[in-house]
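Input: a single structure, listed below in C-alpha cells.
The values are calculated or read from the model by the stated rules, or taken from the named source; none is laboratory data. The structure displayed is predicted, hence computed values, not measured ones. All Cβ positions, even for glycine, are placed from backbone atoms using ideal geometry, and neighbour counts span all protein chains on display. Protein only, heavy atoms only, side chains kept; ligands, DNA and RNA dropped before computing areas. Shrake-Rupley method; radii C 1.70, N 1.55, O 1.52, S 1.80 Å.
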Amino acid sequence: MASITWTGKGSDANWTTAADWNPTKAAPGSSDLAVLNATLTPPGGSFTVYVNGTTGNVTVGALQWVTSSTESATIDLSQGATFTINTPATGVGISGASAYGVFDLHNANSGSTLQIGSSGTAFRISGEQYVDFANDGTGIATVYWDALASNLTYSKLDLVNFESNDRLELANTFGATSTSVSVSYTGSASSGVLTVSNNGTAIESVHLTSTDGRDLTKADWTANVSGGVLDITNPCFLRGTRIATLRGEVAVEDLHIGDLVVTTTAGALPVKWIGTRGFITKLVNEHHRVALLPVRIAAGALGEASPARDLYVSPEHMLCLDDVLIPAEKLLNGTTITRAEGFDVVQYFHIELPRHAVLYAEGAPAESFLDTGNRNMFTNVLSYLELGHDLDAPPQPACLPIVTAGEALAAVRARLAARAAQLGLATTEDDNLHLRVDGIAIRPESCVGDSVRFIVPAGARQVRIVSRSVVLADLDPASGDHRRLGICLSGMSVADSNVPLDHAGFTTGFHAAEGTHRWTQGDALLPENLTAAMPGGFVLDLKLVRTGLRYATPPQADVISLRARRPVVRSAERLSA
C-alpha cells in the first residue's frame, strides 16, 4: 500500500488536485494510504481538503490523521460527495487522533456519505473518529459501515450535530443474521454513548451529540434492523422547537407565562397560557392515527430558511402562507411535507397569546392557539383556571382567513411543489423495482412492456420484492387512500409456474388481493416455501399493472428517515393545534 501525503500546495484545496499530493503527484487511490499531516511544513497548521460530489467521489485504501491540539485536518464532503475507505489487507483502516481529524458531512439537498469498509472483511479503527454533520440542507448525511458486523473491531465514532436528516448505518449482509445485532447504552441512560453488539459481543461504540450541543439520550434515537442493515437515526429532537421571542429563539418547553413572543400580525405579545397533550401511539386506534401523528415540514420547504430546521406540528395546526392560514395536513406532498410515523410517544405543546396571531416556529410562520371550544383536549386544562382566566370569555376570531380547499389552496400547493423540485425532491413514475435477495439488491434481467423478469441466484433464502412506495393521501390530501402502495401486480410466476395473486403465503408486505390485481406495500416478502423448493435458483416473472402512480424521489425513507420503528420508546414535544 503506497503512502501518499497531502502537501496543500494546490490553489483550490480539492482532493483531486494532483499538485497537492506527494510523492506521486496524484490523489490517493483505492489501494493507497492517504496521510493528512497537519504538522508538516507545508502544509503547516490546520487545513481543509474538499471533496465535491459534482467533480467526483473519492475512494482510498486507508486513512491516517496526523494532528495535534493546535493543528487540525478536515475532510469536507459537499454536493452529495461520497468518501469511501476500503478495508486494508492488513492493519488499520482509519488511524490517528480523533478531535482534530474531522469528517465534515454536508447534507444540502443531496446529502454526503462517509462509507467505511468493504463487504464482509474486518475493519479496524484506531482512536475515536470525529464526524461533524453540517446540517445545512434537507438531504441526508450518512455514515455507513459496509463490513461484516462480527469483524468490525476497535470502532469508535463521535458524531456531532446529529439530527433528523442524518443517518448511521451498519451493514450486516455477510453472514450475521439480523436478529443477532443489537444496540444498547453503556454507562448512564443519559450518557449519549451507544454500543452496537453482534451475538452479545460489543463491536463498536458511538457517541451522539445533537445540534444544541447536548448528548442524545435513548429517547432521541431509534435503531432498526431491516434488509440486513442496522439503521440508527434521530427522527425528531425532543424538547426543541424554537419559538422567536424578544429574548431570542427559545425552545417551546422553556417558554414561560409572560414571555414576549414575536408575531407577524400583532407585534410582540406575551404568552398567556401553554397547553400540552400527549398519547402513546400503539394505544391509538389505527383509524385515528393519521389525525394524531405529527406532520413534518422539512427545513426550507416553505421558502429559504423557512423553516430553518425541520418543524413538527399536529395535522390540524395552521401555517401562514400567502396571507392565509392553512392546516398542515392540507399541504402534504410526500416529499418536503410528510407524516412523521416514527414515534412511540407524542407530546404536543401549544402557545396561547392574548389574541390569535402568527408567530415564528423554527423561523416558519405558524399560528398561536385559537380557541374554538377545544381547550378541553389539553391535559393541563385545569391550569388555565388556576391562572384566573375566564372560560366563558368570547372566543377570539382568527387573525387571517382560513383556507382548506379551492384555488387559493391549489396555488399554495403548486408553489410548494415547485419549491420541492428546486430542492431536488419531486415525484416520478419510476417504481425502482428490484429484488432484495438475502440483503443483496438484484436488478431486473429484462423489462418488456408490463413484464419484468428476475434471475434469483442459487441458495437464495429470503427474497423480497422492493420498490418505491407512497401513501396517496400523503401526496394529495384530497385522496382518502391511506394505504402505502408499492407496485400493482396482475400476475406472478416462479420457474414458469403461475402463482395465484391470492396465495395464502402473500402476507408480509402485501395488501389484500383485489380480484384481478394485488398491491405490494413496497417491500413484499415471498413465502419461504416458494424459494426453498428451488435451491439451485429460479426465474421470477412479474406482470405489472401500469397505474400512473407517482412516487417521491428521492424515496421518502431517504428524504426523512421516519419509518415506523419500535425498539425504544420515543417522545415528541412539539407545537400543536
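How much accessible area does Thr507 have with a 1.4 Å probe, in Å² rounded to the nearest 10?
Roughly 90 Å² of Thr507 is accessible to a 1.4 Å probe.
Write out the trypsin sites (Lys or Arg not before Pro) in region 418-498 meeting two conditions: DSSP loop, and at most 16 other Cβ atoms within 10 Å of their Cβ. The partial results should precede the final answer.
Values: sites: Arg419, Arg436, Arg453, Arg461, Arg464, Arg468, Arg483, Arg484; in loops: Arg461, Arg468, Arg483.
Here the trypsin sites (Lys or Arg not before Pro) that fit, given the DSSP loop and packing criteria, are Arg461, Arg483.
Counting Lys and Arg as +1 and Asp and Glu as -1, each charge on the Cβ, what is the dipole of region 333-409 about the Cα centre in debye, to the nearest 20?
Working: 3 positive and 10 negative charges, 22 e Å.
Dipole of region 333-409, to the nearest 20 debye: 100 debye.
Which three numbers, in whole Å and largest first, are the semi-axes of the equivalent ellipsoid of region 381-420 derived from its Cα gyration tensor as √(5λ)?
Numbers: eigenvalues 289, 36, 9 Å².
They are 38, 13, 7 Å, listed largest first.
So if I place +1 on the C-beta of Lys and Arg and -1 on the C-beta of Asp and Glu, and nothing else carries charge, what would the dipole magnitude of region 445-519 be about its Cα centre? I want it in debye, nearest 20. Don't skip to the answer; put the middle values down first.
On the way: 7 positive and 8 negative charges, 61 e Å.
The dipole magnitude comes to about 300 debye.
Quick check: at a probe of 1.4 Å, how many percent of the accessible area of region 454-496 sits on carbon and sulfur atoms?
Details: 820 of 1630 Å².
Here it works out to 50 percent.
Round to the nearest 0.05 the FRET efficiency obtained for Asp254 and Ser69 when R0 = 45 Å and r is the Cβ-Cβ distance.
On the way: r = 34 Å, r/R0 = 0.76.
My answer for the efficiency is 0.85.
GluC sites (Glu not before Pro), restricted to region 297-395: which are DSSP loop and have at most 10 other Cβ atoms within 10 Å? Write out the running numbers ahead of the final one.
Details: sites: Glu304, Glu316, Glu329, Glu341, Glu352, Glu362, Glu367, Glu386; in loops: Glu304, Glu316, Glu341, Glu362.
Sites meeting the loop and neighbour criteria: Glu304.
If I model a spin label at Ala418 and Leu391 as a point 7 Å from the Cα along the Cα→Cβ vector, what separation in nanometres do I get?
Between Ala418 and Leu391, the simple spin-label model gives 4.9 nm.
So how strong a dipole does region 306-460 carry about its Cα centre when Lys and Arg Cβ are +1 and Asp and Glu Cβ are -1, to the nearest 20 debye? Kindly include the intermediate steps, with their values, before the conclusion.
Working: 11 positive and 21 negative charges, 82 e Å.
Dipole magnitude for region 306-460 comes out near 400 debye.
To check you understand DSSP bridge types, tell me what percent of the beta bridges within region 312-378 (both residues inside) are antiparallel, rounded to 5. Present the calculation step by step, with values, prior to reporting the outcome.
Values: 9 of 9 bridges.
Of those bridges, close to 100 percent are antiparallel.
Mind checking the full-extension length gain between Thr48 and Asn22? Use 0.36 nm per residue of separation minus the Cα-Cα distance, one decimal, nm. Display every interim value, and only then the final one.
Values: separation 26, 0.36 × 26 = 9.36 nm, distance 1.67 nm.
Here the answer is 7.7 nm.
Using 0.36 nm times the number of residues separating Arg461 and Glu316, minus their current alpha carbon distance, what extension gain do you get? Please report the intermediate quantities before stating the final value.
Numbers: separation 145, 0.36 × 145 = 52.20 nm, distance 4.52 nm.
Result for the pair: 47.7 nm of gain on full extension.
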